Structures are given as C-alpha cells and as structure tokens.
Amino acid sequence: MIFQKTACEGAYYITQDPREDERGYFAYIFSREEFLQQGIDFVSVRASQMLNKKKGIIRGLHFQLAPKEEQKLIWCTRGRVFDVVADLRPDSPSFGKWFGAELSPENHSMLYIPRGCAHGFQVLAGDTMVEYLASESYSKELERGVRWDDPSIGIEWPDNNIFVSQKDQMWPLLKLN
C-alpha cells in the first residue's frame, strides 16, 4: 500500500499496490503491520457496506463523539465516489480543513479517516457500492454530523446534481469564525 498524507493531519489517501497476473490481481485492503509502520494504530471492530442508487447522493458529514470516536478506512467496490475528510479537532493544525479524492475499483484507492474528523462522500455513478472498516461500534447517542455545505469548511463537491437526506440536511454548521 502507498500512503499519502492529506491536508487533514493524520488522514491518508491510500493506493493499493495490486499484484497482477493472467488470473487478475491481488491487493491488500488492510494490513495492520503497514498501518503501524505509518504510525497509525487502527483496529477494526465493524465492517459496513452501502449501496447508493443514484448519482449525486451526498452522505455526511458524519462522526461520533468520545468515547466512541471512530477511525475509518473507506473504499469503493463498484462505481465511483468523491470521498471527503474534514478535520473537526480544535487543537489540530488542520482544524477546519478538508481533503477529497475520487475512490473507485479502477484506481485502487482508499481514504483513512482519523478520530475527530468527519467523513462524507458524493456518489459519482449510479449503483455505487462503498465499504468501510470502523474502529468503534455504532452509537446512535454519540452520532453527530456537520452540514455537507458548511461554508466555513467549503467543500467543493464535484457534481452540482445533489441529493441529500433530510437527516443530513439538518446537521448544524461548524461556525469556524
């Protein structure tokens, strides 16, 4: 795996390093040893899968409060998404910054989200499948979000044809200023 630092402290854009032959290819989704070599102590307790039927859907920006702050490793197994991490940690040098990248099966890419950061994505093709590993179990009581269109974060979503659930439209603004 190839780890690239992002604009958000501790978040990484990761590219798989597939081994190809006449049968196809083999690649790691996760290697604890390789993550530890990057200084990332990540242990997954949950694996999730999402089907997104329509292009333009935005999910997020989601996170959980302590003591169940999550680390996540996200990848796309079908279709394409623009995946985003936003740093919500007030003591972080990248507080309020975001990073986004396209994830698809073709580009063999993933995004690692550290604790204290929010995650979201926009679907770039219909019938897109997204999967992720999380370091904590889901807690409805500790689930939170920040609006996908928060002007203080300023995410530049690639598709103007946007569909956002009512729940995600109701998250508050971060109000950095």
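Scan the stretch 136-154 and tell me whether some residue there is of a type outside the set (Ser, Thr, Tyr) and closer than 22 Å to residue 3 by Cα. Quick ask: steps written out before the conclusion?
Filtering the stretch 136-154 down to residues of a type outside the set (Ser, Thr, Tyr) leaves 136, 140-151, 153-154.
If we keep only those that are closer than 22 Å to residue 3 by Cα as well, we get none.
For the stretch 136-154, residues of a type outside the set (Ser, Thr, Tyr) and closer than 22 Å to residue 3 by Cα: absent.
In the stretch 122-136, the residue that is farthest from residue 30 (Cα to Cα) out of those that are in contact with an Asp or Glu (Cβ under 9 Å, 6 or more places away or on another chain) and outside any strand (DSSP E or B) is 124. The set of residues in the stretch 155-177 that are among the polar types (S, T, N, Q) and in a loop (DSSP other than H, G, I, E, B) comprises 160, 161, 165, 177. Total residues in the stretch 148-167 satisfying the condition of being farther than 15 Å from residue 82 by Cβ and crowded, with 17+ Cβ neighbours inside 10 Å: the figure is 1. The set of residues from the stretch 47-64 being out of contact with any Lys or Arg (no Cβ under 9 Å at 6 or more places or on another chain), more than 21 Å from residue 16 (Cα to Cα) and part of a strand (DSSP E or B) comprises 57, 58, 59, 60.
Inside the stretch 112-127, residues that are within 12 Å of the chain's Cα centre (by Cα) and over 16 Å from residue 153 (Cβ atoms) make up a count of 3. Scanning the stretch 65-85 for residues that are assigned to a strand (DSSP E or B) and over 15 Å from residue 12 (Cβ atoms) turns up 76, 77, 78, 81, 82. The single condition among (1) in a loop (DSSP other than H, G, I, E, B); (2) farther than 18 Å from residue 11 by Cα; (3) of a type in the set (S, T, N, Q); (4) at pLDDT 95 or above that residue 94 does not meet is (2). Taken over the stretch 96-105, the criterion of being crowded, with 22+ Cβ neighbours inside 10 Å and among the aliphatic types (A, V, I, L, M) is satisfied by 103 alone.
Is it the case, given these coordinates, that residue 5 is of a type in the set (Lys, Arg), surrounded by fewer than 13 Cβ atoms within 10 Å (Cβ to Cβ) and in contact (Cβ under 8 Å) with a residue 12 or more places away in the chain? Spelling it out, it is not the case that residue 5 is of a type in the set (Lys, Arg), surrounded by fewer than 13 Cβ atoms within 10 Å (Cβ to Cβ) and in contact (Cβ under 8 Å) with a residue 12 or more places away in the chain. Taken together, the residues in the stretch 58-116 that are over 25 Å from residue 142 (Cβ atoms) and aromatic (Phe, Trp, Tyr) amount to 1. Quick one: which residue in 119, 62, 108 is within 18 Å of residue 15 (Cβ to Cβ), touching an Asp or Glu at 6+ places or on another chain (Cβ under 9 Å), crowded, with 16+ Cβ neighbours inside 10 Å and not charged (D, E, K, R)? None of the other options fit; the residue is 108.
Criterion applied to 77, 128 was being buried (at least 23 other Cβ atoms within 10 Å of the Cβ), over 16 Å from residue 147 (Cα atoms) and polar (S, T, N, Q), and the one residue passing it is 128.
The values are calculated or read from the model by the stated rules, or taken from the named source; none is laboratory data. Predicted model, so just to flag it, every value in this text is computed and none were measured. Quick reminder, even Gly has a Cβ in these numbers, built from the backbone with ideal geometry, and neighbours come from all protein chains shown.
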